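Working notes for the structure below.
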Amino acid sequence: MAKAQDTHPIVIGIDSFGDITSDDAGRPFDQPENIRALVEEGVLADESGLDFFGLGEHHIEEMPLSAPDLVLATVAARTSRIRLGSAVTVLSSDDPVRVFQRYATLDALSNGRAEVILGRGSSKESFPLFGFDLADYERLFEEKLELFAALRSEQPVTWSGTTRAPLPGLPVFPRTASGALPTWVGVGGSPSSVARAARYGFNLMLAIIGGNPARMTRLAELFRQSITQFGFGSRPIGVHSPGHVAATDEQAVEEFWPFYETFMLEARYQRGFPPITRELYEHELEYGSLYVGSPETVARRIAKTMRLLGATRFDLKYGMGPMPHSQIMENIRLFGTEVAPLIRGHLAHGDTAHRRQDARAGVPAERSTPTT
């Protein structure tokens with residue numbers, strides 16, 4: 001089991017991909033209404049005590065969130081504490097200079113609360129939209145990540161490559177107050193991607209959307225070894241996984257299931273995911289990377305994952321369209337006011353006492369009440 005890196009603070013946040021949500025009568029929000037709802041969710045995340053609010057770039061009808069930095073800027077104007085960032089920005093189909101400028105501007109508007117998570121993009125709709133060839137998938141990300149690393153120094157940049165025009169020692173503005181925009185690289189399971197993030201000295205965000213999180217321990221260890229070899233010292237590791245919180249395990253499981261089932265059925269055809277059944281869903285709740293349940297259940301499982309991977313950050317991907325907006329808001333409230341403090345308590349003091357209590361009661365280790 002990995003040891004959390006004590007030099008980094010514990011960060012608990014939430015992410016959204018801008019899934020179209022609905023009202024309590026099941027009426028789907030229109031796209032402008034849905035974007036405004038995201039602002040309210042970000043404000044509630046701040047009010048509930050969460051550390052981070054992230055929005056992931058997408059370009060499809062079910063997730064019409066093509067300009068998350070604009071939404072985050074609106075959230076910044078209505079908050080004063082919570083950190084704001086992308087989750088993720090598809091760097092391969094964007095211009096690194098413009099990405100840096102947009103998030104440096106967000107940093108100014110938020111008084112130093114901006115950060116960016118860069119990724120290749122598991123959804124590839126942005127490539128044809130902006131005229132990029134998927135055959136260049138790897139080269140686009142490699143070159144653009146190299147350029148972004150140079151931009152992050154906030155010094156005049158000299159760079160040349162094959163994916164955009166060269167920069168012959170040009171300055172890029174605005175600069176951030178801190179002099180270094182916090183930057184993460186989102187990784188889904190590739191060792192080469194982990195090593196690449198370490199090579200540029202970026203933080204690592206492990207996107208674990210299914211399966212036992214223990215399979216990521218080798219990647220977390222690879223990152224710690226690599227970041228040291230490249231001479232950057234310690235860098236934080238974060239985890240991004242989906243979930244949903246309600247008052248009880250039964251309520252959370254039943255609320256989330258129909259939306260998860262629909263998503264997985266669609267993903268089966270679009271991305272080759274395996275067929276979904278209720279049995280597989282409940283197995284994922286117990287042993288996988290789906291954090292659904294009461295505040296205590298979700299907190300215990302998240303703390304276990306963070307200790308396992310030596311992570312000091314966890315971002316819950318909340319909501320799954322068209323989940324009612326009222327359920328989403330209650331999930332955010334519970335995650336901030338109840339789950340986050342419990343996670344911190346488990347990480348600070350360990351959860352040995354809870355495991356012993358569950359064992360005496362004959363309850364499975366990962367869930368304190370029945371799921372069905």
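The values are calculated or read from the model by the stated rules, or taken from the named source; none is laboratory data. Computed from a predicted model, the values in this text were never measured in an experiment. FYI the Cβ positions are ideal-geometry reconstructions off the backbone, even for glycines, and counts take in every protein chain you see. Ligands, DNA and RNA are excluded from the accessible area calculation, which covers all protein heavy atoms including side chains. Shrake-Rupley method; radii C 1.70, N 1.55, O 1.52, S 1.80 Å.
Here are the numbers for this structure:
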quantity	calculated
Per-selection Rg to Rh, region 279-342 - Cα, Kirkwood hydrodynamic radius	0.97
The chain - mean residue ellipticity at 222 nm from DSSP helices (-39,500 (n - 2.57) per run, n ≥ 4, rounded to 500)	-13500 deg cm²/dmol
Mean separation of Cα contacts under 8 Å, 6 or more apart, over the residue count of the chain: relative contact order %	21 percent
Descending principal axes extents, region 162-228, alpha-carbon based, whole Å	45, 31, 25
Descending semi-axes in Å of region 57-147, equivalent ellipsoid built from Cα gyration tensor	25, 15, 9
Electrostatic dipole magnitude of region 1-139 [Cβ: Lys, Arg +1; Asp, Glu -1; Cα centre; debye, to 20]	480 debye
Dipole of region 103-210, positive direction: furthest Cα of 165, 197, 141, with charges on the beta-carbon	197
Highest to lowest packing among 142-148, 300-306, scored as the average C-beta count within 10 Å	300-306, 142-148
Hits among aspartates and glutamates - C-alpha to C-alpha of residue 144 under 20 Å, sequence gap 8 or more where chains match	57, 69, 94, 95, 115, 125, 133, 136, 154
Hydrodynamic radius (Kirkwood) for region 204-284, which is based on Cα pairs only, to one decimal in Å	15.2 Å
Antiparallel DSSP beta bridges within the chain, as percent of all bridges there, nearest 5	10 percent
Hull volume in cubic angstrom per residue (convex hull over the Cα atoms of the chain)	131 Å³
Where only alpha carbons of region 4-109 are counted, the Rg and the Dmax (Å)	14.6, 47
Relative contact order of region 13-164, defined on C-alpha pairs under 8 angstrom at six or more residues apart (%)	20 percent
Alpha-carbon Debye profile of region 2-66, log10 I(q)/I(0) at 0.26 Å⁻¹	-1.12
log10 of Debye I(q)/I(0), alpha-carbon scatterers only, for region 102-181 at 0.27 Å⁻¹	-1.22
With every protein chain in place, region 134-194: carbon and sulfur % of accessible area (1.4 Å)	59 percent
Only Lys, Arg (+1) and Asp, Glu (-1) charged, at Cβ; the chain dipole about Cα centre in debye	1560 debye
Solvent-accessible area per residue, Å², over the chain with all protein chains present [probe radius 1.4 Å]	42 Å²
Part-to-part distance (alpha-carbon centres) for region 47-106 and region 168-193, which is given in Å	14 Å
Leading residue at positive end of dipole, the chain (Cβ point charges), from 210, 294, 126	210
Cβ crowding within 10 Å averaged over residues, with 210-222, 81-93, 97-109 ranked highest first	81-93, 97-109, 210-222
Peptides 274-287, 245-258 ordered by average Cβ neighbours within 10 Å, highest first	245-258, 274-287
